[in-house]
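J.: Pasting a structure here, questions to come.
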Amino acid sequence: MTITIDDITVKIKLLKSETILAQATIILSDVWKEHGWKVLKSDRLHPKFQEYLWFQAPSYKFMGKYWEIVFIDDNKLYEAVIEKIYDAYCLARSKNPTQNEKEETITEEVSLDDIDL
């Protein structure tokens, strides 16, 4: 069985987190779902997308190291999946541009002289 990028759909959930910007679900041929893909903030510029982002496949931490649960052997398909995640993330972000910003409280001081009594 050969999987192509056309067999893959991506769903994105934007998060309000310091490090995790979004979670992605990869859907293969509308029958197989992989939860746990992440779009993370990075301190390095992504070479292709020119943003400070990093993408992580579903993984678990063991002995201080992250181990991927999902691994795509075909490097071209892996890069196409990352690009599809990035495109879905950009689309979701454009629909809700303040999603990843922390909420800000603005207070304004009012003096009693400003109020008509």
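J.: Taking all protein chains together and a probe of 1.4 Å, list Trp37, Trp32, Trp67 from the most accessible to the least accessible. Write down the numbers at each step before the final one.
T.: Details: Trp37 5, Trp32 150, Trp67 105 Å².
Of Trp37, Trp32, Trp67, the descending order of accessible area is Trp32, Trp67, Trp37.
J.: Could I ask something else about it? Enter the accessible area of Ser42 (Å², nearest 10), with the probe set to 1.4 Å and all protein chains included.
T.: Solvent-accessible area, nearest 10 Å²: 40 Å².
J.: I would also like to ask the following. Please compute the volume of the convex hull spanned by the alpha-carbon atoms of segment 5-95 and report it per residue in Å³. The partial results should precede the final answer.
T.: On the way: hull volume 10.5 nm³, N = 91.
About 115 Å³ per residue, rounded to a whole number.
J.: Right, another one. To the nearest 0.05, what FRET efficiency results for Met63 and Lys13 with a Förster distance of 35 Å applied to their C-beta separation?
T.: On the way: r = 29 Å, r/R0 = 0.83.
The computed FRET efficiency comes out at 0.75.
J.: When we measure straight from the Cα of Lys95, which lysines land under 30 angstrom away, once same-chain ones fewer than 8 places off are left out?
T.: Cα-Cα hits under 30 Å: Lys11, Lys13, Lys16, Lys33, Lys38, Lys41, Lys48, Lys76, Lys84.
J.: What distance in nm separates the two pseudo spin-label positions at Asn75 and Leu28, each 7 Å out from Cα along the beta-carbon direction?
T.: 2.1 nm
The values are calculated or read from the model by the stated rules, or taken from the named source; none is laboratory data. In this text, all values refer to a predicted model and were calculated from it rather than measured experimentally. Because the Cβ atoms are built from the backbone with ideal geometry, glycine has one as well, and the counts that use them run over all protein chains shown. Only protein heavy atoms, including side chains, enter the accessible area calculation; ligands, DNA and RNA are left aside. Shrake-Rupley method; radii C 1.70, N 1.55, O 1.52, S 1.80 Å.
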